[in-house]
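Visitor: Could you have a look at this structure, given as structure tokens, before my questions?
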Amino acid sequence: KDYLVLGVETSCDDTGVAVVSRSGRVLSHVVVPQYQVHKDFGGVVPGLAMEQHRQNIDGAISRALSEAGLGSVSEVDAVAATVGPGLEI
């Protein structure tokens, strides 16, 4: 069995999730953009970005797992996530 990592990136406005193997093969890559939410403000609004991450993260993870051919998060060996700087969710 190949060692699998679920990567989660939420440091700014887009919600990104990927499943990557130990060998570096990308099994899935999902990005949920927030451009439409922030465009009228001329930049990223942190409070809006955090709320969008909260709304998007579960679906992005589910989609990344599915696209990687996995049934649940229990099938990955590790989770890597943005620590900082960035936004809290």
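Visitor: Can you give me the angle between helix 46-67 and the longest principal axis of the chain, using Cα atoms only, in degrees from 0 to 90, rounded to the nearest 10?
Guide: 20 degrees
Visitor: Send over a whole-number figure in Å² for the accessible area per residue of the chain, probe 1.4 Å.
Guide: Dividing the accessible area of the chain by its residue count gives 60 Å².
Visitor: So for the chain, Kirkwood radius off the Cα pairs, Stokes-Einstein at 4 °C and 1.567 mPa s: how many µm² s⁻¹? Present the calculation step by step, with values, prior to reporting the outcome.
Guide: Numbers: Rh = 13.5 Å.
D, rounded to a whole number, is 96 µm²/s.
Visitor: Another one. Within 10 Å, count the other beta carbons around each residue, average over each peptide in 40-48, 16-24, and list them highest first. Walk me through the numbers on the way to the answer.
Guide: Numbers: 40-48: 10.8, 16-24: 16.4.
Top to bottom by mean Cβ count within 10 Å: 16-24, 40-48.
Visitor: If you don't mind, another one. How much of the accessible area of the chain, probe 1.4 Å, is carbon plus sulfur, in whole percent?
Guide: Answer for the chain is 54 percent, counting heavy atoms of protein chains only.
The values are calculated or read from the model by the stated rules, or taken from the named source; none is laboratory data. What you see is a predicted model; the values in this text were computed from it and never measured. A quick note on method: Cβ atoms are made from the backbone with ideal geometry, for glycine too, and the neighbour counts reach across all protein chains shown. The protein model used for the area step is the full one, side chains on, heavy atoms only, and it has no ligands, DNA or RNA in it. Shrake-Rupley method; radii C 1.70, N 1.55, O 1.52, S 1.80 Å.
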